[in-house]
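Colleague: This is the structure, below, for whatever I ask next.
Computed from the coordinates by the stated procedures, all read-outs in this text should not be read as laboratory data. Worth saying up front: this structure is predicted, and the values here are computed from it rather than measured. No Cβ is skipped: glycine too gets one built from the backbone with ideal geometry, and neighbour counts run over all protein chains shown.
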Amino acid sequence: MRKAGLVVAVLAMAVGAMGAMGQDATAAPAPAAKPPEHFYKLTFVVEEVSDAGKVTNARSYVETVDTASHKPQQIRTGARIPVLASESQWQYMDVRVDFDVFEPKEVGDKLAFDLTADISSLASPTDGEPGSASHPVVRQNKWSSDVMIAISKPTVVFSADDLDSKGKMQVEVTATKVD
């Protein structure tokens, strides 16, 4: 009788231990902590810089992005410029500034995101250069890259030399957290 009681006690402990192990094995793992959603104001400044290093023209574009978004966040702006194609025919050219921001996320005290920029502009023809009011020279810069910028610090993320001068065009981005 004692042996039977001992066997029953050992079996009960073994079944209890197996039950506890089965519960642990089948228990759903704790979901990964979802990072908190934050909003940032992104200020894009497109600058034309002279060969002396001075900014000769700057245009600003602002958008708000959120770190939980999985869709592109975009700025689209532009104009259609009429160009005389023949004596009586006009053709329209698009001059645009487009920014696309994908997957913004916080990395420590910085903001990382995938950025594309497409900027076109009309060049001002000077003496001896091709181009006129009816045949303008169109400049176009396209960039695409993963970028990481410090919060609240203006950062040049793209830069390209002008093909017809010693100047350059650059894009500066500042991310400011929205409370």
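Colleague: If the reach is capped at under 24 angstrom between alpha carbons, list the lysines near Lys34, excluding any in the same chain fewer than eight residues apart.
Modeller: Answer for Lys34, where 24 Å is the Cα cut-off: Lys71, Lys105, Lys110, Lys177, listed by chain and number.
Colleague: Give me the extension gain from Val62 to Ala123: residue separation times 0.36 nm, minus the current Cα-Cα distance, reported in nm with one decimal.
Modeller: Difference between extended and current length: 19.5 nm.
Colleague: Taking R0 as 35 Å, what FRET efficiency do you get between Gln89 and Ser144 from their Cβ-Cβ distance, rounded to the nearest 0.05?
Modeller: In this case the efficiency is close to 0.50.
Colleague: Using a Förster distance of 35 angstrom, determine the FRET efficiency expected from the C-beta separation of Arg96 and Asp179, and round it to 0.05.
Modeller: For Arg96 and Asp179, the calculated efficiency is 0.60.
Colleague: Collect residues whose amide H, placed 1.01 Å from N in the peptide plane, falls under 5 Å from the amide H of Gly167; neighbours closer than 5 in sequence don't count.
Modeller: Asp51, Asp162
Colleague: Right, another one. For Val157, put the label point 7 Å out on the Cα→Cβ axis and report which residues of segment 49-71 keep their amide N under 14 Å from it.
Modeller: Inside the label zone: 61-67.
Colleague: Work through the residues other than Asp146 whose Cβ is under 15 Å from its Cβ and net out their charges, Lys, Arg +1 and Asp, Glu -1. It would help to have the intermediate numbers written out before the result.
Modeller: On the way: positive: Lys105, Lys110; negative: Asp100, Glu103, Glu106, Asp114.
Neighbour charge sum, excluding Asp146 itself: -2.
Colleague: Can you sort Thr64, Thr155, Thr174 so the residue with the fewest Cβ neighbours within 10 Å comes first?
Modeller: Thr64, Thr155, Thr174
Colleague: In segment 97-117, which residues have a backbone nitrogen under 14 Å from the label point lying 7 Å from Ala79's Cα in the Cα-to-Cβ direction?
Modeller: Output list for this probe position: 97.
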